[in-house]
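*Asks:* Below you will find the structure I want to go over with you.
Laboratory data are not the source of any read-out in this text; all were calculated from the coordinates shown. This is a predicted model, so every value here is computed, not measured. When we count neighbours, we look across all protein chains shown, and the Cβ atoms used for this are built from the backbone with ideal geometry, even at glycine.
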Amino acid sequence: MAATPSTMLALGTPAPDFRLPDTVSGKAISLASFADTKALLVMFICRHCPFVVHVERELARLGLDYAGKGVGIIAISSNDAAAYPDDAPESLKAMALELGFNFPLCYDATQEVARAYTAACTPDFFLFDRSRRLVYRGQLDDSRPGNHKPVTGRDLRAALEAVLADRPVAADQRPSLGCSIKWKPGHAPL
């Protein structure tokens with residue numbers, strides 16, 4: 001299984017704005033939707049990628065564990081749904097409902113949001129502090145399909161805890177690894 005690493009966007013980068021439909025509620029979700037949160041976690045995921053399937057239950061647990069703690073969470077799928085029907089909005093809605101996501105799972109039909117965040121793979125994680133500056137980007141943890149390491153969310157959870165405690169996030173951050181974003185013809189980043 002070929003794996004693509006995350007781009008490791010520069011720390012301190014401001015969160016790019018977005019406005020996307022939640023596949024479950026149909027409600028438009030934007031950066032401003034999270035104005036009252038201490039932290040914002042933006043996750044690029046999809047339904048079909050084995051790397052996402054491997055961690056999807058931990059993503060649901062993250063949502064539950066950080067509910068009411070000042071963490072805004074949004075999952076975004078930017079894959080070309082024409083080429084990958086499992087990543088179409090209706091299928092994403094089913095995924096969110098099956099896994100009990102308590103955060104929006106949005107569809108980025110134009111792929112502009114993935115480009116703005118320099119998302120490269122699924123899963124790809126971006127954590128922003130209260131001022132919406134990037135403080136963590138990288139892996140959920142060391143677990144990968146087939147490596148027999150438990151899915152704990154250790155790396156991302158440590159970053160979340162640091163932000164919530166007003167401590168600096170560790171600078172030693174390892175790239176996420178997953179399936180490449182499935183770009184529409186002519187949409188891939190340069």
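*Asks:* Tell me, what ³J(HN,Hα) does each residue in the stretch 176-189 have, in order and in whole Hz, if you take phi through Karplus 6.51 cos²θ - 1.76 cosθ + 1.60 with θ = phi - 60° and put x for Gly and Pro?
*Replies:* 6, 9, x, 6, 5, 4, 8, 6, 5, x, x, 9, 4, x
*Asks:* Taking 0.36 nm per intervening residue step and subtracting the Cα-Cα distance, what contour gain separates Ala83 from Leu164 on full extension?
*Replies:* Details: separation 81, 0.36 × 81 = 29.16 nm, distance 3.93 nm.
Gain on extension, Ala83 to Leu164, equals 25.2 nm.
*Asks:* With a cut-off of 18 Å, note down the residues of the stretch 122-138 whose backbone N falls inside the zone around a label point 7 Å from the Cα of His187 toward its beta carbon.
*Replies:* Backbone N within reach: 122-124.
*Asks:* Given H placed on each backbone N at 1.01 Å, which residues far from Cys106 in sequence or on other chains put an amide H within less than 5 Å of it?
*Replies:* Amide H to amide H, under 5 Å and 5 or more residues apart or across chains, Cys106 pairs with Thr23, Ala75, Ile76, Ser77.
*Asks:* With +1 on each Lys and Arg Cβ and -1 on each Asp and Glu Cβ, how big is the dipole of the chain about its Cα centre, in debye rounded to the nearest 20? Mind dumping the intermediate values first?
*Replies:* On the way: 21 positive and 21 negative charges, 51 e Å.
Using Cβ point charges on Lys, Arg, Asp and Glu, the chain gives about 240 debye.
*Asks:* I need the phi-derived Karplus couplings for the stretch 57-71: 6.51 cos²θ - 1.76 cosθ + 1.60, θ = phi - 60°, integer Hz, Gly and Pro marked x.
*Replies:* Once θ is set to phi - 60°, the couplings for the stretch 57-71 become 5, 5, 4, 5, 5, 4, x, 5, 5, 9, 4, x, 10, x, 10 Hz.
*Asks:* Moving on. How high is the relative contact order of the chain, given as a whole-number percent (alpha carbon pairs under 8 Å, six or more residues apart)? Intermediate results must be reported in sequence, preceding the final value.
*Replies:* Numbers: 382 pairs, mean separation 60.3, N = 190.
Reported as a whole number, the value is 32 percent.
*Asks:* Order these peptides, 76-89, 30-43, by their mean beta-carbon neighbour count within 10 angstrom, highest first.
*Replies:* Values: 76-89: 20.0, 30-43: 17.9.
Ranked from most to least packed, the peptides come out as 76-89, 30-43.
*Asks:* Please list 3J(HN,Hα) in residue order for the stretch 123-137, calculated via the Karplus relation 6.51 cos²θ - 1.76 cosθ + 1.60 where θ = phi - 60°; whole Hz, with x for glycine and proline.
*Replies:* Values per residue, Gly and Pro as x: x, 9, 10, 9, 10, 10, 7, 4, 7, 6, 9, 5, 10, 8, 8 Hz.
*Asks:* Take the alpha carbon atoms of the chain, find their radius of gyration, then divide it by 2.2 N^0.38 Å using N residues; give the quotient. Display every interim value, and only then the final one.
*Replies:* Working: Rg = 15.0 Å, N = 190, 2.2 N^0.38 = 16.2 Å.
It is 0.93.
*Asks:* Once amide H atoms are placed 1.01 Å from N in the peptide plane, what residues at a sequence separation of 5 or more from Val135, or on another chain, have their amide H within under 5 Å of its amide H?
*Replies:* For Val135, whose amide H was placed from the backbone, the distant partners under 5 Å are Gly12, Leu127, Phe128, Asp129.
*Asks:* Between Ser180 and Ala35, what FRET efficiency follows from the Cβ-Cβ distance if R0 is 45 Å, with the result rounded to 0.05?
*Replies:* Working: r = 32 Å, r/R0 = 0.71.
Computed FRET efficiency for Ser180 and Ala35: 0.90.
*Asks:* Treat each spin label as a single point 7 Å out from the Cα along the C-beta direction, and report the Glu112 to Ala2 distance in nm.
*Replies:* Roughly 2.9 nm, to one decimal.
*Asks:* How high is the relative contact order of the stretch 109-190? Use alpha-carbon pairs under 8 Å, at least six apart in sequence, and give a whole percent. Write out the running numbers ahead of the final one.
*Replies:* Working: 98 pairs, mean separation 29.1, N = 82.
It rounds to 35 percent for the stretch 109-190.
*Asks:* Compute the distance from the alpha-carbon center of the stretch 78-96 to that of the stretch 123-137, in whole Å.
*Replies:* For the stretch 78-96 versus the stretch 123-137, the Cα centre distance is 24 Å.
*Asks:* At a Cα cut-off below 16 Å, give the lysines reachable from Lys27, other chains included and same-chain residues fewer than 8 away excluded.
*Replies:* Of all the lysines, those that pass the test against Lys27 - Cα under 16 Å, at least 8 places apart if same chain - are Lys93.
*Asks:* Here's something else I'd like to know. Which residues' amide hydrogens lie under 5 Å from the amide hydrogen of Gly72, considering only partners 5 or more residues apart or on another chain, with H built in the peptide plane?
*Replies:* Lys38, Ala39, Leu40, Leu41
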